[in-house]
1. Mind counting the residues in the range 7-30 that are surrounded by 13 or more Cβ atoms within 10 Å (Cβ to Cβ) and in a helix (DSSP H, G or I)?
2. In the list Asn50, Asn65, which residue meets the criterion of being of a type in the set (S, T, N, Q) and part of a strand (DSSP E or B)?
Amino acid sequence: MIIDYAINLFMTKSELIESIVDNQDQLTSGDVELAVKMVLDKMASTLCKNERIAIRSCGSVCLHNREALLGRNTQTGDYVDLSSGAVPYFSPR
């Protein structure tokens, strides 16, 4: 089944669930909420194992290592040391 409606690229989990519920009538909001939670949990656990996620006709998600750097608190202007770490990276197909 191809979903033929636009989804905002920046939405919260609640907004995603609401958008899916509003654009279909087969599943209850509870079912959609459970499905979205399960998919996101699976994606998170896959990334925690440092594995790549491939979504056909869309792209892939993997972890990129970020070097430690000096950041800045925008409210106070103070400099803050940011430790190195892994960040999710989406690569469109």
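1. Adding up the residues that qualify gives 6.
2. The match here is Asn65.
Any read-out appearing in this document is the output of simple, stated calculations on the displayed coordinates, not a laboratory observation. Since this is a predicted model, take the numbers as computed values, not measurements. So basically every Cβ, Gly included, is an ideal-geometry build from the backbone, and we count neighbours across all protein chains shown.
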